[in-house]
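The values are calculated or read from the model by the stated rules, or taken from the named source; none is laboratory data. It should be emphasised that the depicted structure is a prediction, and the values quoted were computed from it without experimental measurement. Here the Cβ positions follow ideal geometry from the backbone for every residue, glycine too, while neighbour counts run over all protein chains shown. Accessible surface areas use protein heavy atoms only, side chains included; no ligands, DNA or RNA. Shrake-Rupley method; radii C 1.70, N 1.55, O 1.52, S 1.80 Å.
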Amino acid sequence: MADLGYVGLGVMGGGVAKRLLDAGHTVTGWNRTREKAQWLVDAGMRWADTPRQVAEAGDVVFTMVTNTAAVKAVCEGPDGLFAGLGPGKVYVDMSTQSPSGSRALADRVARVGASMLDAPVSGSVITLEQGKLSIMVGGDADVYERVRPILLDIGPKVFHLGPNGSAVTMKIAVNLQLHVQMVAFSEGVLLAEKSGIARDTAVEVMLASVIASPMVAYRGPFVLEQPEEAWFDVNMMQKDMNLALELGRELDVPLPTTAITNELLTAARGMGLADKDFAVVFDVLAQMSGIEAGVTQ
């Protein structure tokens, strides 16, 4: 069992921290809004008043926050995570940020004698609760081997992909497909519905067909009813799509479907749906099709 730290205890980060607690690790945590993390304190997590205190308490320290700017916000400054790192400690960033940003972060961590891994996850709230998350890891192989047993307490599939930045690159490559698949699924449902087939019937048939990927299986039903709290909202999804487009331009890889489907997320934001799960792209297409979507704003 290890002394761990965790910064960023939202829907996914909080769920990961809970799995680490359940595995018997000592977890010290911090979140910008303490109230959202109180359930973890009640479950045995130790609360810290700053990210620095989290880093001081843990031998391996995790972050899972929204973007590159949020990572910098929790890491820098006198109360930031960097101030609490030191020789022998390992910092594991599970956020999705740009590969160049992740590599710069690793260089900064190395200056204080610590090591860093980028380790974003693939999965949803459901797969997290089921213990089926997959984890992609970038960084030094020896550091990876040291942390791997802890990562296996989060999910059963852990992949070491290469040096720092490799894992977030892979995560971006995976995540662009989430939205592209959701758009295609929505188009199919709307085509069936406008031809006279009931929406719920169309969804049932599609989820029993060859197109029912794990993502479609758990997010497809959102076209019938959105979750009360977004699993992955429009802004978060568009952030990843923009990262993909930026990387595509950098590497001269054309991403035409990524570019086109990204504009539907812009439309969702324009319609005031930014806080909804990105499956709300169905509502955008429904309105374009003259069909009542049924999402409450």
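Numbers for the structure displayed
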item: Check on Gly80, surrounded by 15 or more Cβ atoms within 10 Å (Cβ to Cβ), modelled with pLDDT of 95 or more and in contact with a Pro (Cβ under 8 Å, 6 or more places away or on another chain); result: yes
item: Pairs where the first residue, in region 56-73, is closer than 15 Å to Arg103 by Cα and the second is assigned to a helix (DSSP H, G or I), C-beta under 8 Å, 6+ apart; result: Asn67/Lys239; Thr68/Gly101; Val71/Gly101; Val71/Leu105
item: Residues of region 93-103 satisfying the condition of being out of contact with any helix residue (DSSP H, G or I) (no Cβ under 6 Å at 6 or more places or on another chain) and open to solvent by less than 10 Å² (accessible area, probe 1.4 Å); result: Asp93, Met94
item: Residue count, region 246-272 (criterion: hydrophobic (A, V, I, L, M, F, W, C) and within 22 Å of Leu191 (Cβ to Cβ)); result: 6
item: Residues of region 108-140 that turn out to be touching a strand residue (DSSP E or B) at 6+ places or on another chain (Cβ under 9 Å) and closer than 16 Å to Asn164 by Cα, as a count; result: 17
item: Hits in region 144-164 - residues which are open to solvent by 20 Å² or more (accessible area, probe 1.4 Å) and out of contact with any helix residue (DSSP H, G or I) (no Cβ under 7 Å at 6 or more places or on another chain); result: Glu145, Arg146, Arg148, Pro149, Leu152, Pro156, Lys157, Phe159, Pro163
item: Pair list, Cβ under 6 Å, 6 or more apart: region 242-260 residue under 11 Å from Leu176 (Cα atoms), other residue surrounded by 11 or more Cβ atoms within 10 Å (Cβ to Cβ) and aromatic (Phe, Trp, Tyr); result: none
item: Test: residue in region 9-30 that is open to solvent by 10 Å² or more (accessible area, probe 1.4 Å), charged (D, E, K, R) and either more than 22 Å from Ser124 (Cα to Cα) or in contact with a strand residue (DSSP E or B) (Cβ under 7 Å, 6 or more places away or on another chain) (or both); result: no
item: Residue check for Val281: closer than 21 Å to Ser124 by Cβ and not hydroxyl-bearing (Ser, Thr, Tyr); result: yes
item: Matching residues in region 74-100 - criterion: being of a type in the set (A, V, I, L, M, F, W, C) and touching a residue at least 60 places away in the same chain (Cβ under 8 Å); result: Val74, Leu81, Met94
item: Selection from region 242-277 of residues that are open to solvent by less than 30 Å² (accessible area, probe 1.4 Å), outside any helix (DSSP H, G or I) and of a type outside the set (Gly, Ala, Ser); result: Leu273, Asp277
item: Positions within region 109-134 being over 23 Å from Lys72 (Cβ atoms) and modelled with pLDDT of 90 or more, in sequence order; result: Ser122, Leu133, Ser134
item: Selection status of Arg219, among the basic types (Lys, Arg) and crowded, with 17+ Cβ neighbours inside 10 Å; result: yes
item: The one condition in (1) buried (at least 21 other Cβ atoms within 10 Å of the Cβ); (2) over 18 Å from Asp153 (Cβ atoms) that Val90 fails to fulfil; result: (2)
item: Single match in Ala202, Ala167, Ala106 (criterion: at pLDDT 95 or above, open to solvent by 10 Å² or more (accessible area, probe 1.4 Å) and in a helix (DSSP H, G or I)); result: Ala106
item: Qualifying residue in region 31-44 (condition: modelled with pLDDT of 95 or more, open to solvent by 30 Å² or more (accessible area, probe 1.4 Å) and either within 30 Å of Gly248 (Cβ to Cβ) or of a type in the set (Lys, Arg) (or both)); result: no
